[in-house]
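Colleague: Input: one structure, supplied below.
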Amino acid sequence: MSSVLRIALQKSGRLSEDSYQLFKECGIRFDYGTGKLKSVSSNFPAEFLFLRDDDIPGYVEDGVADLGIVGENVAVETGRPVQTIHKLGFSKCRLSIAISRGSDWTGIESLNGKNIATSYPNLLGNYLAGQGVKAEIHEISGSVEIAPSIGLAEAVCDIVSSGSTLLSNGLKEVETIFRSEAILIARAELDEDKQALVDKLLFRIKAVQAAKN
Ligand code: PRT
Ligand code: ZN
């Protein structure tokens, strides 16, 4: 049987549209946005799976998918042993620490003994450990920016793009701990046939990117 690449994309969110556009520009056609969870390409040996972004590294590690597109922030936070094979240049953002606008900040050591709310406990924990800061990390899954105003934490660590969410919640960005963009990830080991398909796909992706620069 000839090989078919299984590629996991975010079903609906900030990565979806650009991920789909990328394959379209590579000349790879498939149905997208129909509500279906799977779509087979009509002109490339690939099958697309539409999933929540947080689940993509795990599916790629387990071999349910061969490739996936996720934010580097998610790939690093989940810590799954997958390979980053290419940076895609879209969905750029940063993971930053923010505090109430009225609070004093004299540097990262200001966080010693403080509570920090985040959805990224691993990235934040490693960063603080590297800086020798001892703080309490509270993992929450959404609406992180509201934590200081309800007394849950003195600081937050969350994804920032324009900065307007921080601003509208009375917060100021004080330290960037990680910069992210969308990346193409792959299973640690691919057989020869699938690797040849990945190489073909990468060749097209690089040509699309080169044409834009
Ligand atoms: O449903 P699913 O789990 O698949 O999606 P999700 O809601 O977890 O993720 P989604 O679609 O919001 O983001 C997917 C990826 O896009 C993230 O993992 C990042 O790599 C990247 N990205 C780029 C962003 C942003 N920009 C962004 N602005 N992810 C989140 N935000 C949020 C942030 O959490 C904060 O609430 O937007 C707010 C800040 O935006 P500004 O512009 O006000 O600063
Ligand atoms: Zn998610």
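Colleague: Can you give the FRET efficiency to the nearest 0.05 for residue 100 and residue 179, using r as the Cβ-Cβ distance and R₀ = 30 Å?
Modeller: Computed FRET efficiency for residue 100 and residue 179: 0.80.
Colleague: Divide by every residue of the chain the summed helix terms, -39500 (n - 2.57) for each DSSP H run of at least 4, and state the resulting mean residue ellipticity at 222 nm, rounded to the nearest 500 deg cm²/dmol.
Modeller: -8500 deg cm²/dmol
Colleague: While we're looking at this one, here's another question. Counting DSSP beta bridges with both partners in the range 73-213, what percentage is antiparallel, nearest 5?
Modeller: Counting DSSP beta bridges with both partners in the range 73-213, the antiparallel share is about 70 percent.
Colleague: Take 86, 138 and order them by how many other Cβ atoms sit within 10 Å, fewest up front.
Modeller: Ranked by crowding around the Cβ, least crowded first: 138, 86.
Colleague: Moving on to the next point. Need the list of aspartates and glutamates near residue 87 for cross-linking: C-alpha distance under 14 angstrom, and skip anything on the same chain fewer than eight residues off.
Modeller: 18, 72, 181
Colleague: Which angle between 0 and 90 degrees, to the nearest 10, do you get for helix 121-131 versus the longest principal axis of the chain when only C-alpha atoms count?
Modeller: Relative to the chain, helix 121-131 is tipped by roughly 60 degrees.
Colleague: Within straight cross-link reach of residue 200, meaning Cα distance under 18 Å, which aspartates and glutamates are found once same-chain residues fewer than 8 apart are removed?
Modeller: List returned: 25, 47, 66, 189, 191, 192.
Colleague: Give the Cα extents of the range 1-115 along the principal axes, in whole Å, largest first.
Modeller: Largest first, the range 1-115 extends 62, 25, 24 Å along its Cα principal axes.
Colleague: Also: To the nearest 20 Debye, how big is the dipole of the range 93-180 about its Cα centre, given +1 on the beta carbon of each Lys and Arg and -1 on that of each Asp and Glu?
Modeller: The calculated dipole for the range 93-180 is roughly 140 debye.
Colleague: Right, next: Output the relative contact order of the range 93-180, whole-number percent, from Cα pairs under 8 angstrom with separation of 6+ residues.
Modeller: 50 percent
Colleague: Rounded to a whole number of µm²/s, how large is the Stokes-Einstein D of the chain at 20 °C and 1.002 mPa s, given Rh as the Kirkwood radius over C-alpha pairs?
Modeller: 115 µm²/s
Colleague: Still on this structure: Grab every C-alpha pair in the range 93-180, bin the distances at 5 angstrom width from 0 up to the longest one, and report whole percents.
Modeller: Histogramming the range 93-180 at 5 Å steps yields 3, 16, 30, 29, 17, 4, 0 percent.
Colleague: Under a Cβ-only charge scheme (Lys and Arg +1, Asp and Glu -1), can you give me the dipole magnitude of the chain about the Cα centre, in debye to the nearest 20?
Modeller: Around 620 debye, computed over the chain.
Colleague: If you don't mind, there's one more thing I want to ask. Which of rounded, prolate, oblate describes the range 172-213, given a ≥ b ≥ c as roots of the alpha-carbon gyration tensor eigenvalues and a/c under 1.5 marking rounded, otherwise prolate only if a/b is larger than b/c?
Modeller: Verdict is oblate for the range 172-213.
Each reported figure results from applying straightforward, stated rules to the coordinates on display, with no laboratory input. The shown structure was predicted, so the numbers you read here are calculated from the model rather than taken from an experiment. Note that we place each Cβ from the backbone using ideal geometry, even for glycine, and neighbour counts take in every protein chain shown.
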